[in-house]
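Each remark here refers to the structure printed beneath this line.
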Amino acid sequence: LHRLQIIQNSAARIITHTKSSDHITPTLSELLHPYTPSRSLRSSSAVLLSVPSFRLSTMGARAFSCSAPRLWNSLPLHIRQLDSITQFRSQIKTHLFKLAYTL
């Protein structure tokens, strides 16, 4: 698992043109913004991320800043609201296995 994280961090550094000595987490978190509705809505407590608009239909939708919020927003609310990382990992695995193996 550690080697996979190193590979993902290296890929993120290549994409964002970040030095190998810099931390990648702050750079990636700059690409994500919480969704704040302009007025009081029921979805304001749903822990959503805003999905930015894009110009290119081929590459824009696949960019991290667009696909990560879309994927996060598609998760069930009970998974997005978990506080513990161990509970989050367990619930996300269960959710993904259910999606992959439902008939």
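Among the residues making up the stretch 4-20, a single one is in contact with a helix residue (DSSP H, G or I) (Cβ under 8 Å, 6 or more places away or on another chain), among the polar types (S, T, N, Q) and open to solvent by 50 Å² or more (accessible area, probe 1.4 Å): Ser20. Residues that are part of a loop (DSSP other than H, G, I, E, B) and either open to solvent by 70 Å² or more (accessible area, probe 1.4 Å) or at pLDDT below 65 (or both) within the stretch 52-63 comprise Ser53, Phe54, Arg55, Leu56, Ser57, Thr58, Met59, listed in sequence order.
Every residue, every condition in (1) at pLDDT 80 or above; (2) over 17 Å from the mean Cα position of the chain (by Cα); (3) open to solvent by 100 Å² or more (accessible area, probe 1.4 Å), yes or no:
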residue	(1), (2), (3)
Asp22	yes, yes, no
Leu31	no, no, no
Leu41	no, yes, no
Pro69	yes, no, no
Gln81	yes, no, no
Ile92	yes, no, no
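The values are calculated or read from the model by the stated rules, or taken from the named source; none is laboratory data. Keep in mind it's a predicted model, so treat the numbers as computed, not measured. Every residue, glycine as well, gets a Cβ built from its backbone with ideal geometry; the counts of neighbours run over all protein chains shown. Quick note on the areas: whole protein, heavy atoms, side chains included, nothing else; ligands and nucleic acids left out. Shrake-Rupley method; radii C 1.70, N 1.55, O 1.52, S 1.80 Å.
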